[in-house]
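Q: My structure is below; once you've seen it, I'll send some questions.
Every read-out reported here was derived from the displayed coordinates using simple, explicitly stated rules and does not represent laboratory data. None of these values were measured; they are calculated from a predicted model. Backbone-built Cβ (ideal geometry, glycine too); neighbour counts: all protein chains shown.
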Amino acid sequence: MLKELWERGLRRVLLLVTDGLPGIEEAIRRVYPMAGWQRCVVHMVRSSLGQVRSRDRALLAQDLKGVYMAGSRQEALGALERLREAWGARYPSLVASWWENSGALLRFHDYPQVLWPYLRSTNLMERFIREVRRGTKVRDHKFPKGEAVYKLLYLESERQEGRWAERRLKGFAEVQEVLEGMLRERYAPRTQTLTHKS
């Protein structure tokens, strides 16, 4: 999919927000080496809570919230340390997973704070997919050809895009210049220093 986006002309990506699909980070590095990667916090929390005893879920959820709702990366790392102290003995692999993935889970801290709620998860995309499913569900098994499915998906995407065009996400307009500056800086042509051996 990333290669297809590249082939279609998408050259500069600031941040990709995905779930924890195995190999996704390597795929991003291969196709868009300058892009940042944010792992979906919501998926990580759901996965984590599914691994613990029911009696521990509420307390663990509160401690995990302290990590991803922290006001800064330093606060988040402090919350991770408290998570290790509180839960490391009982759920060592879970806590280790949060530490190992902390770079990708906390990447949103590199961006303006007003955008953090949008960047922490893939919820916006999942909502779009849910709407497409809902739009196609009533037409199940009534496609005369395979191409008809693509046409329906295209039309449903157009309908959703129209709805989204009317909707404005809070904060993006205020930080548009900041984001454009980050994009320019990240993709600025690199100057090479030539030496006499070059």
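Q: Would you mind putting 22-30, 37-45 in packing order, based on average other-beta-carbon counts within 10 Å, highest first?
A: Top of the packing list down: 37-45, 22-30.
Q: Then there is this: What FRET efficiency, computed as 1/(1 + (r/R0)^6) with R0 = 45 Å and r the Cβ-Cβ distance, is obtained for residue 62 and residue 8, rounded to the nearest 0.05?
A: E(calc), rounded to 0.05, equals 0.55.
Q: Among residues other than residue 113 whose Cβ falls under 13 Å from its Cβ, what is the net charge (Lys/Arg +1, Asp/Glu -1)?
A: For residues surrounding residue 113, the net value is 0.
Q: State the extension gain, in nm to one decimal, for the chain segment bounded by residue 93 and residue 42, taking 0.36 nm per residue of separation less the distance between their alpha-carbons. All intermediate terms of the calculation are to be shown ahead of the outcome.
A: Details: separation 51, 0.36 × 51 = 18.36 nm, distance 1.82 nm.
Here the segment from residue 93 to residue 42 would lengthen by 16.5 nm.
Q: Could you identify which residue out of 20, 78, 50 has the top mean-square fluctuation in a GNM of the chain using Cα springs shorter than 10 Å?
A: It is 50.
Q: List every residue whose amide H lies under 5 Å from the amide H of residue 16, counting only residues 5 or more places away in sequence or on a different chain, with H placed 1.01 Å from N in the peptide plane.
A: 36, 37, 38
Q: In deg cm²/dmol, rounded to 500, what helix-only [θ] at 222 nm does the chain give when every DSSP H run of at least 4 residues adds -39500 (n - 2.57) and the total is split over its residues?
A: Helix contribution divided over all residues of the chain: -18500 deg cm²/dmol.
Q: Given labels modelled 7 Å from the Cα in the Cβ direction, how far is it in nm from residue 137 to residue 123?
A: Result for the modelled spin labels: 2.0 nm.
Q: Only Cα pairs within less than 10 Å get springs; with that Gaussian network setup on the chain, which residue of 70, 96, 58 has the largest fluctuation?
A: Residue with maximal mean-square fluctuation among 70, 96, 58: 58.
Q: If you don't mind, another one. More than 20 Å apart: what percent of Cα pairs in the chain qualify?
A: 68 percent
Q: How fast does the range 2-119 diffuse by Stokes-Einstein, in µm²/s, taking the Kirkwood radius from C-alpha pairs at 20 °C and 1.002 mPa s?
A: Rounded, D is 140 µm²/s.
Q: Semi-axes of the equivalent ellipsoid for the range 58-103, please: Cα gyration tensor eigenvalues, times 5, square-rooted, ordered largest first, whole Å.
A: 16, 12, 8
Q: Between residue 114 and residue 77, what is the FRET efficiency for a Förster distance of 25 Å, r being their Cβ-Cβ separation, to the nearest 0.05?
A: Details: r = 22 Å, r/R0 = 0.87.
Calculated value: 0.70.
Q: Another one. How large are Rg and Dmax for the range 23-84 when calculated on the C-alpha trace, in angstrom?
A: Cα-based Rg and Dmax for the range 23-84 come out at 14.4, 43 Å.
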